[in-house]
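Here is the structure we will look at.
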Amino acid sequence: MLNIDFSKFSLFYKKHIEQHLLDLEKERTEILKKYRKTSVYVYLTIPTVILLYGLTFLIPKGFLPENIAMFIAVFMPIIGFLVCFSFACSLKSKADKQKEKNIQRLKRKVYTRLFKYLELNYNTYSSPEFVDYGNAVLKHIPENKEKYFSFMNFEDEISGEFKDIHFELCDATIIKRYVNLYRNGSPLETWLFQGLMLACKLNKPFNTETIIKTDSFKDFKINKNIIKLENDEFNKKLKVYADDEVEARYIITPSFMERLKNFHKNKKDKTIIFFDSKCSESKNMYILTNTGKDNFEIPFNKSILNEKLYYNLLKELVDMLEIAVALRLEQNIGL
């Protein structure tokens, strides 16, 4: 059960987490040293070429036939540069792959251990069900198949129980990719959303789809009726879209509107909520909070013995789950 007293987080961290990270931190520093050495090889390429070019002037005039001397003077630096640069890039590429592999290993070990103490499950990859959740979201983002399309990436899944609510949460990114447009050999892309996606079960029966969003999510074009609720302050901050006005009012009660307003005062209106009964049998409510970052990133160039890193991660997770708690999902009653 995820139950954290953040005022006592330092004690929790030192007792349950820090001692298990020491060997991982040693491993990270050793790989970082190798990575930095490899990076130095790349930066030494240009001085090496300059040195090779300078050496050509030390060859005594008349020591070599003129055509050979000219070839050495002109092409030797170029050949030297290509050889050195190719070798350095090869080493850098291997080092980058090793770095990324190490980061993934660190994430698996660190986060698996961290969330195990909280009786939660962690996986670097998302469950297949998140594809269905993603499709339920993407259908509200218009696309032009000849010019661009959007897709979602998921990673770093956490699942478990929080205050009697079973949930799945993932790092999510919505990417807009342009057709036949490339930059440096890679497809041209823009990120429409980067943050967290929470999926859980609303224990209140409904049959249609209702969406709550703010104007900050301009890429979402909801083709539904806008429902005006009785709370004018709520209507100014958030827009409610629904297929069925009666059902929308059944889901979004006055008490829930107050809780959501208070939540948005702290979150700067970066959340969109989907109530979709047909997307999945196990989950019918999805919450996206746009944090604008990779929420589970482990900084390779900094120590992983960083209490603040885990404090911020868990605080973000708990804040996200508190939205679900505000809906009283564990109770099959009015909100």
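Read-outs throughout are calculated quantities, based only on the coordinates presented, and are distinct from any laboratory measurement. Keep in mind that what you see is a predicted model, and the values were worked out from it rather than measured. Don't worry about glycine lacking a Cβ; one is built from the backbone with ideal geometry, like all the others, and counts go over all protein chains shown.
What percent of all Cα-Cα pairs in the stretch 121-326 falls into each 10 Å bin, going from 0 up to the bin containing the maximum distance?
8, 32, 37, 18, 5, 0
Once you order the gyration tensor axes a ≥ b ≥ c over the Cα atoms, which shape class does the stretch 123-214 get: rounded for a/c under 1.5, otherwise prolate or oblate by comparing a/b with b/c?
In terms of gyration-tensor shape, oblate.
Apply the Karplus parameterisation 6.51 cos²θ - 1.76 cosθ + 1.60, with θ equal to phi minus 60°, to every residue of the stretch 257-262 and state each ³J(HN,Hα) to the nearest whole Hz, in sequence, with x for glycine and proline.
In residue order, the calculated couplings are 4, 5, 5, 5, 4, 5 Hz.
With a cut-off of at most 15 other beta carbons within 10 Å, and DSSP calling the residue loop, which GluC sites (Glu not before Pro) in the stretch 230-326 qualify? Please list them.
Answer in residue order: 230, 281, 297.
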